[in-house]
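Peer 1: Structure incoming, see below.
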Amino acid sequence: MLTTQLDNGKQTEVLLADDLKDLSAHLGEYGRLVLWVFDTNTAKLFKQLPPSHVVLESGESAKNFTSLERILSAALDEGLARDGRIIGFGGGGVVCDMSAFAASVYMRGCRLTLVPTTLLAMVDASVGGKAAIDFKGMKNMVGSFYPASEVLLSIDTLRTLNEKEFLNGLAEVVKHALLSQDEELYKFLLVRKNEILSRDPKTLAALVELSLKVKQWFIEQDPTETLGIRQSLNLGHTFGHALESSSHYLLWGHGACVAWGTCRALEAGVALGVTDKAYASGATKLFKSFGYDIEYRIGRGDWIEYRDHLLKDKKKADGKVQFVLLEKKQGSTVLSPLDLQLIQHLVIAKPIF
Ligand SMILES: NC(=O)c1ccc[n+]([C@@H]2O[C@H](COP(=O)([O-])OP(=O)(O)OC[C@H]3O[C@@H](n4cnc5c(N)ncnc54)[C@H](O)[C@@H]3O)[C@@H](O)[C@H]2O)c1
């Protein structure tokens, strides 16, 4: 069990169960004072759903007020009081983020358990307390900080995850390896690549635990993201989000864009003399070894749209977009604005002639 200490004496206990049966037994102890939240895909993982439940549409487009209202209405219909518990069983978006947001506002805060079922939700979205819905086409615009009191993981839920979703989560794991204070996760990724990609359960359990520890370290240092420490977790996201949104979410999944963006951030760091060149080259190879197309470049004609999306990034200081760069090697970062010319050079296709 891992425990994350947060502000105001709050803590999140993370339990790694042996399998789904183990988890069900633990959750069964809560009796009827609970409301389960699934999406259409995670509901399929159960032969029979628990009596009090709501099944939301799956996918980012359902991360909205309508789904929030469905959870709150169901909680009220089931007679949940403040000592009642919402159990979110699913991925990071519709289920974990929405269950957490619903729990934060239901009767000014009820109990919350998250059971993340994607690799991304296991290593990232389920811990740290960020809860949100999308609003007016903008991601995570309305939300709160509301850490789950417990996060329960069962690696066997990852068996049904498709390849794209698995790689989405894995990119965040590799990013965590670059941010880690020690080299354990980085070495694990190098040595256990084949077992990771073939989803060997024991290997994945160890991988998730190592990755979670990195996220926990940042959360504990900066629980509400006000000290500038937790921002390091955005490594690769500024370059990556702009690619994701300027390609209208059609090119790749979020994780592949983050992997690509992290490699651009490594190159930017090298260009500015901030990041060690040999380290950046090794880290880029690591991403490549997991199948991410990190050599991809956008077409010249797509630059204006890419730039416009980049400039809309939320992470600004003095009106300038901030990029997370690695200082020398892993484990230490700096925030820096980048010259548009350098960005263009890094992301655009080399001229053919
Ligand atoms: N709160 C945070 O700190 C935080 C951090 C990172 C990302 N996020 C959010 O998380 C979301 C992305 O996470 P995600 O990729 O887990 O999103 P998701 O919940 O949309 O899940 C991705 C897809 O996988 C399906 N799925 C989930 N578990 C499955 C399983 N075991 N088997 C088969 N299919 C399964 C879902 O139905 C969905 O179609 C985004 O909305 C992002 O904003 C939040």
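The values are calculated or read from the model by the stated rules, or taken from the named source; none is laboratory data. Please read these numbers as outputs of a predicted model, since none were measured by experiment. Neighbour counts are summed over all protein chains in view; Cβ atoms, including those assigned to glycine, are modelled from backbone coordinates with ideal geometry.
Peer 1: Against the conditions (1) surrounded by 13 or more Cβ atoms within 10 Å (Cβ to Cβ); (2) closer than 23 Å to Arg230 by Cβ, where does Leu286 fall short? Just the number, please.
Peer 2: The single condition Leu286 does not satisfy is (2).
Peer 1: Still on this model: Could you please let me know if Leu72 is under 19 Å from Thr12 (Cα atoms), surrounded by fewer than 24 Cβ atoms within 10 Å (Cβ to Cβ) and of a type in the set (A, V, I, L, M, F, W, C)?
Peer 2: On the way: under 19 Å from Thr12 (Cα atoms): no; surrounded by fewer than 24 Cβ atoms within 10 Å (Cβ to Cβ): yes; of a type in the set (A, V, I, L, M, F, W, C): yes.
Considered against the rule, which asks whether it is under 19 Å from Thr12 (Cα atoms), surrounded by fewer than 24 Cβ atoms within 10 Å (Cβ to Cβ) and of a type in the set (A, V, I, L, M, F, W, C), Leu72 comes out as no.
Peer 1: Applying the selection to the range 88-126, what residues are near the ligand (Cβ under 8 Å from one of its atoms), touching a strand residue (DSSP E or B) at 6+ places or on another chain (Cβ under 6 Å) and under 24 Å from Lys175 (Cα atoms)?
Peer 2: The answer is Gly90, Val94, Val95, Cys96, Asp97, Thr117, Ser126.
Peer 1: Tell me yes or no: at least one residue of the range 68-82 is under 30 Å from Thr203 (Cα atoms) and not in a loop (DSSP other than H, G, I, E, B).
Peer 2: no
Peer 1: Being farther than 28 Å from Leu204 by Cα and touching a Cys at 6+ places or on another chain (Cβ under 7 Å) is true for just one of Ala125, Ala121, Ala103. Which residue is that? Full working, then the answer.
Peer 2: Details: Ala125 fails: farther than 28 Å from Leu204 by Cα; Ala121 fails: farther than 28 Å from Leu204 by Cα.
Every option except Ala103 fails the conditions.
Peer 1: Next question, about the same structure. Hey, among Leu161, Leu189, which residue is aliphatic (A, V, I, L, M) and in contact with a helix residue (DSSP H, G or I) (Cβ under 6 Å, 6 or more places away or on another chain)?
Peer 2: Selected residue: Leu189, the only one of Leu161, Leu189 that is aliphatic (A, V, I, L, M) and in contact with a helix residue (DSSP H, G or I) (Cβ under 6 Å, 6 or more places away or on another chain).
Peer 1: Please find, among Leu27, Leu49, Leu23, Leu35, the residue that is closer than 13 Å to Phe89 by Cα, part of a strand (DSSP E or B) and over 21 Å from the mean Cα position of the chain (by Cα).
Peer 2: The unique qualifying residue is Leu35.
Peer 1: Now for a different question. Scanning for something within 18 Å of Lys164 (Cβ to Cβ), modelled with pLDDT under 95, crowded, with 20+ Cβ neighbours inside 10 Å and of a type outside the set (A, V, I, L, M), does the range 88-96 turn up at least one residue?
Peer 2: yes
Peer 1: Could you count how many residues in the range 52-67 are within 15 Å of the ligand (Cβ to nearest atom) and either assigned to a loop (DSSP other than H, G, I, E, B) or β-branched (Val, Ile, Thr) (or both)?
Peer 2: 7
Peer 1: Residues in the range 184-195 that are part of a helix (DSSP H, G or I) and free of Cβ contacts under 8 Å to residues at least 40 places away in the same chain: how many? Talk me through it step by step, then tell me what you get.
Peer 2: Going residue by residue through the range 184-195, those that are part of a helix (DSSP H, G or I) are 184-191, 193-195.
Subsequent filtering for residues that are free of Cβ contacts under 8 Å to residues at least 40 places away in the same chain retains 184-185, 187-188, 191, 194-195.
Matching residues across the range 184-195 total 7.
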